[in-house]
1. What are the pairs with Cβ atoms under 9 angstrom where one residue, in region 142-159, is closer than 12 Å to THR119 by Cβ and buried (at least 20 other Cβ atoms within 10 Å of the Cβ) and the other, located anywhere, is among the hydroxyl-bearing types (Ser, Thr, Tyr) and at pLDDT 95 or above? Sequence gap at least six, or different chains.
2. Take the residues in region 93-109 that are assigned to a loop (DSSP other than H, G, I, E, B) and not charged (D, E, K, R), then tell me which one is nearest to ALA177 (Cα to Cα).
3. Among ARG99, ARG89, ARG159, which is among the charged types (D, E, K, R) and out of contact with any strand residue (DSSP E or B) (no Cβ under 9 Å at 6 or more places or on another chain)?
4. Looking only at region 154-171, count how many residues are basic (Lys, Arg) and more than 14 Å from ALA107 (Cα to Cα).
5. So TRP118 ticks every box in (1) modelled with pLDDT of 95 or more; (2) part of a helix (DSSP H, G or I) but one. Which box is left unticked?
Amino acid sequence: MSTTGKAVVRDSNAREVDQAREVDEARAPVGVDTVPELDEEFDTDVVAALSFNADRTDESILWYRYVTVRSDAKGSGLGPRLAAFVALRAAEQGFERIRIAVNNPFAYEAMHKAGFAWTGEETGVAELVLERPTSWDGASVRPEPVATDTYQAGLDRYRERDLGDPEASFLRERIAADPPSPCAVPET
């Protein structure tokens, strides 16, 4: 899609390692191929990525298509912080709301940390549609707290499915839990 945007979190330490490797490669004997492939650079440098595009029928809505975090950084909060950061930039571009469709309880939880809440709608292949405004009063990630019953209703949709571990354990740990606290929004 030509209108797809992307945002990434890059690891500055990985770049330092890459620069050191470049110096070592410059000293390599002639004829020795030591230049890494482009994919290898992104394997070590990009830690999280988010893809997005404008809604085809409502110009006030931006859709997050995916949020992904490198496996060694999962659980660190990068996904929610990246989602919240992009929301601020979306507001600057005139978008009023952001939606994302998630198909697992881990993504559901992460997007709640980024200020999203379940709309009660489902789409695609068993995906729950979550939404958030792009801006707020500056004091919190979401202008209104998400009700525990709304949060739990979404988790209940996942509980109705035949899930194995670790999803089933994750859902059991959250029975009667309040929505997660909002994440801090990075400025840059």
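1. Correct list of pairs: GLY154/TYR108.
2. Checking each candidate, the answer is ASN104.
3. ARG159
4. 2
5. So the condition that TRP118 fails would be (2).
Residues are listed down the side, and each one gets a yes or a no for (1) modelled with pLDDT of 95 or more; (2) under 23 Å from ASN13 (Cβ atoms); (3) of a type in the set (A, V, I, L, M, F, W, C); (4) exposed (fewer than 13 other Cβ atoms within 10 Å of the Cβ):
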site	(1), (2), (3), (4)
GLU40	no, yes, no, yes
VAL46	no, yes, yes, no
GLU59	no, no, no, yes
TYR64	yes, no, no, no
SER76	no, yes, no, no
ARG81	no, yes, no, no
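The values are calculated or read from the model by the stated rules, or taken from the named source; none is laboratory data. Not measured: the values here are computed from a predicted model. No Cβ is skipped: glycine too gets one built from the backbone with ideal geometry, and neighbour counts run over all protein chains shown.
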